[in-house]
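The values are calculated or read from the model by the stated rules, or taken from the named source; none is laboratory data. On a predicted model such as this, the values are computed, not experimentally measured, just so you know. Cβ coordinates were reconstructed from backbone atoms using ideal geometry, including for glycine residues, and neighbour counts include every protein chain displayed. We work out accessible area using only protein heavy atoms, side chains counted, and drop any ligands, DNA or RNA first. Shrake-Rupley method; radii C 1.70, N 1.55, O 1.52, S 1.80 Å.
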Amino acid sequence: MRVSALIAVVSTLLPAMAAGAGIAPSPPDNQGRIMSGPAELIPTSANLGFNRWIDGFRGRALAQGISAVTFERAFRGVDYNTSVIEKDRNQSEFTKAIWDYLDSAVSDSRVSNGKAALRQHRRLLDQIEARYGVDKEIVVAVWGLESSYGTYRGTTPLIEALATLAYDGRRGSFFESQLIAALKIVQSGDVDPRQMTGSWAGAMGHTQFIPTSYLAYAVDFTGDGKRDIWSDNPADALASTAAYLSRFGWNKGQPWGVEVQLPRGFDFGLTGERVKKSPAEWAALGVRGVEGGKVPNYGAASILMPAGARGAAFMIFQNFHVIERYNTADAYVIGVGHLADRLKGGRAIQANWPREDRALVFAERKELQERLTKAGFSTGGVDGKIGPNTIGAIRAYQRSIGMIPDGYASLDILRRLR
């Protein structure tokens, strides 16, 4: 913990705080801490501001149907978690290049472990696939990326993490809504608050559901009366993931995407999710599968080039956007989809990547947007996110200096703008 983020515990202040909240305090234990009682709320955190926030949040939670008993049980022993804040502050600073991400996400060990998981749970996965119509390899691929097939489910106490993030305020309303949902999960009896653990940002269980998604989509596949995504048995978690993807329109038998080759002279202005054509229309423009044949008619598709003209190109279909509901990052969606393909026996991505490049860090992405806008190529704002407006601005700049207009936010583009 960072000492600067904490205020020293003064045991004599805690009873006064409790009295101010209308709660009868218990006597301190032999370490100077206040003992928990059945009808009290005395957080042990050293951050007094955090304690006051919990006191105020209690009223909001009770107004949304959380019982006093549930609230007090869930918050007993909750502390201000500085490690959670540190991770939240640093998460956007560095981004992996897509090839580095895929090297890990679809590593040989991840593929072999995924095939082993398919064999071990084949009967369960066949039942889930039959009920929800979601390919079992996709479900296992999500499981592989989210928790390495249940190996790393996260050990951070969820109530504490969400309360810390809600109090911190950077995305306070979002995390408070997740905290309310987590309390509803506890109140339903699905999990004891001490067993409700997960990632620092509030994702839980084998396939890392956030609490609001859990409430809306988690299922009790085993029929034991609980939607248990935390225990060693992955049945409810895997079924919940399939139910989630099914709810958002998974089309069984349709690929997420297909690696393709683009012809010389291809109009890179046609790439991106906003342009959709049938595979036949793309074939008429010279787009082919990596083995040279036309891509079958799986439905309307876009061309995605996550590393620009020097990297792999994919024809992506509706199922790509379904996986996006789990995580909007293109690298994540490609990781899940490609891992699922490998679990089915498919080949590795055939194209090379520009491995001599590196991904821009957050400050550089903001600088890129600022410099593009200053040069007359508006990005529609400066937020460090490389979305359609920024890609369009990069393309316009590239055309203006005679480069291939692939819209790729590279370090080379930033250096040219400097």
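For the reader, a short list of remarks on this structure follows.
Residue by residue, here is whether (1) in contact (Cβ under 8 Å) with a residue 12 or more places away in the chain; (2) closer than 30 Å to Ile323 by Cα; (3) not aromatic (Phe, Trp, Tyr) holds:
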{"position": "Trp53", "(1), (2), (3)": "yes, no, no"}
{"position": "Ser67", "(1), (2), (3)": "yes, no, yes"}
{"position": "Phe71", "(1), (2), (3)": "yes, no, no"}
{"position": "Ala74", "(1), (2), (3)": "yes, no, yes"}
{"position": "Gly77", "(1), (2), (3)": "yes, no, yes"}
{"position": "His121", "(1), (2), (3)": "yes, yes, yes"}
{"position": "Tyr132", "(1), (2), (3)": "yes, yes, no"}
{"position": "Ile138", "(1), (2), (3)": "yes, yes, yes"}
{"position": "Arg153", "(1), (2), (3)": "yes, yes, yes"}
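- Screening Arg415 on (1) part of a loop (DSSP other than H, G, I, E, B); (2) open to solvent by 30 Å² or more (accessible area, probe 1.4 Å); (3) out of contact with any strand residue (DSSP E or B) (no Cβ under 7 Å at 6 or more places or on another chain) shows it passes everything except condition (1).
- Filtered residue count, segment 322-333, keeping only those that are open to solvent by 10 Å² or more (accessible area, probe 1.4 Å) and touching a residue at least 12 places away in the same chain (Cβ under 8 Å): 5
- Residues located in segment 253-269, provided they are more than 26 Å from Asp135 (Cα to Cα), open to solvent by less than 40 Å² (accessible area, probe 1.4 Å) and among the hydrophobic types (A, V, I, L, M, F, W, C): Phe266, Phe268
- Look at segment 241-267: where a residue is closer than 22 Å to Glu137 by Cα and part of a loop (DSSP other than H, G, I, E, B) and a partner is open to solvent by less than 30 Å² (accessible area, probe 1.4 Å) and of a type in the set (Gly, Ala, Ser), sitting 6+ places away or on another chain with Cβ atoms under 6 Å, you get Lys252/Gly133; Trp256/Gly337.
- Residue tally, condition within 17 Å of the chain's Cα centre (by Cα), among the aliphatic types (A, V, I, L, M) and either part of a helix (DSSP H, G or I) or under 12 Å from Pro157 (Cβ atoms) (or both), over segment 183-214: 1
- Among (1) open to solvent by 10 Å² or more (accessible area, probe 1.4 Å); (2) without any contact (Cβ under 8 Å) to a residue 60 or more places away in the chain; (3) in contact with a Leu (Cβ under 9 Å, 6 or more places away or on another chain), the one test that Met196 misses: (1)
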